[in-house]
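What follows draws every value from the coordinates through simple rules; no lab data is involved. Quick caveat: nothing in here was measured; it's all calculated off a predicted structure. Positions of Cβ are generated from backbone atoms using ideal geometry, with glycine treated the same way; all protein chains shown enter the neighbour counts.
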Amino acid sequence: MTPATRTLVVELLTEELPPKALKGLGEAFAAGILADLRERGFLAPDSKATLYATPRRLAVSITQVRAVAPDAEVRRKLMPLSVACGPDGAASAAFRKKLASLGREDLIDSLRDARPGRGPLQITNDGNVEAVFLRDRVPGQALQLGLERALQDTIEGLPSPKVMSYASRGSYHNDVKFVRPAHGLLALHGKDVVAVRALGLSAGRTTAGHRFLARRDVEIDDADAYAPTLEAEGKVLPSFTGRRNRIVAGLQEAAGEGNLLMPAALLDEVTALVEWPKVYTGGFDPAFLEIPRECLILTMQQNQKYFAVTGADGRLQNRFLLVSNLDIRDPEAIIRGNERVLRARLADAKFF
């Protein structure tokens, strides 16, 4: 990595996002920022993006991002040649005025020598008539401007079925619209804060850790340290895929010799509900196994977001696996509380 390119990380910190939409929101946020910055020339050919999505944040990390985009060559049509030239072939008043507005009065006398493919002024057939074009070099845009525009375009294009209106900081009117109220914006290019604004927020280097297991404010020193710092100090696994993999491993370990019923949609939804997953095992009265198997599984999966386990014979076992957002030394209260809730659900199912 050259000194001119560094890792960029951008994060929106929000209230709890819709769990069934989180995966898609995270993918769209990362893809939008990546595509916009690539189009504006800020990325190297081998820049790579890593998306992050938790119940309270959408983020993306992109490697090899330039602080300033390369200069670009643009070719703009000025006017038809018949308008640009007077009867004697000299530049017309309209043409002089046009060049003056562009700050290129130095090219007025070069109109007579304009040819296709040569010099900044070029005369080219534009379909029906010959026209004068200006070939110019535009200075590269600073990352602050490019990222702010990329954020705006990406936020407006997120695939959210419904948005909320809320008041930004210091406002008494609902002047901001987003999926859920946003409380923080982080943007780091290497160690430097990129001073962008979005959703009424100014970017900094501070994010939030787990609601109950870590301190509220976690400072990120460097863009490359975003995920490691959140995990070590914030008790947050920001990677959606990383959390999902940890949940799968925990469920498989807890299931032991049993066969785990693990639908992909349920896995995605549970992954979108936790930031620091821990799998616990609960049980229920074997008498409830008299209820049709399908009813039990439906109650556990759809109502409670639990994972059912069957034996080698395919019969449902009187236990369930739950994914908690709390990894604590004594989870007895969590397990017993979930067992009480499930008991009431299964009693209703048995009655009906």
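Within the stretch 131-154, identify whether any single residue is closer than 27 Å to residue 271 by Cα and buried (at least 17 other Cβ atoms within 10 Å of the Cβ), and answer yes or no. Looking for residues that are closer than 27 Å to residue 271 by Cα and buried (at least 17 other Cβ atoms within 10 Å of the Cβ), one finds at least one in the stretch 131-154, hence yes. The set of residues from the stretch 26-65 being basic (Lys, Arg) and more than 27 Å from residue 231 (Cα to Cα) comprises 38, 40. Residue pairs whose Cβ atoms lie under 8 Å apart, sitting 6 or more positions apart in sequence or on different chains, and linking a residue in the stretch 292-305 that is touching a residue at least 12 places away in the same chain (Cβ under 8 Å) to a partner that is assigned to a loop (DSSP other than H, G, I, E, B) and of a type outside the set (D, E, K, R), are 297/261; 300/306; 301/261; 301/263; 305/273. Remark: pairs (first residue in the stretch 25-48, farther than 27 Å from residue 161 by Cα; second residue of a type in the set (Lys, Arg) and not in a helix (DSSP H, G or I); Cβ separation under 6 Å; 6+ apart in sequence or on different chains) = 42/66. Can you tell me which residues in the stretch 281-322 are in a loop (DSSP other than H, G, I, E, B) and polar (S, T, N, Q)? The answer is 304, and nothing else.
If you take the residues in the stretch 269-291 that are touching a residue at least 24 places away in the same chain (Cβ under 8 Å) and among the small types (Gly, Ala, Ser), which one is nearest to residue 241 (Cα to Cα)? Top of the filtered list is 272.
Taking strands (runs of 3 or more DSSP E) as the structural unit, those lying wholly within the stretch 1-114 and holding at least 2 residues that are crowded, with 17+ Cβ neighbours inside 10 Å correspond to 5-14, 49-54, 57-66. Scan the stretch 79-94 and tell me whether some residue there is out of contact with any strand residue (DSSP E or B) (no Cβ under 6 Å at 6 or more places or on another chain) and among the charged types (D, E, K, R). Within the stretch 79-94 (the criterion being out of contact with any strand residue (DSSP E or B) (no Cβ under 6 Å at 6 or more places or on another chain) and among the charged types (D, E, K, R)), the answer is yes, since at least one residue qualifies.
When you check residue 331 against the structure, is it in contact with a helix residue (DSSP H, G or I) (Cβ under 9 Å, 6 or more places away or on another chain) and of a type outside the set (Lys, Arg), yes or no? Answer is no for this residue.
State yes or no: is residue 266 hydrophobic (A, V, I, L, M, F, W, C), touching a residue at least 12 places away in the same chain (Cβ under 8 Å) and more than 17 Å from residue 350 (Cα to Cα)? Yes. Checking the stretch 253-261 against the condition returns no match, with no residue being more than 19 Å from residue 241 (Cα to Cα), in contact with a Lys or Arg (Cβ under 6 Å, 6 or more places away or on another chain) and of a type in the set (S, T, N, Q).
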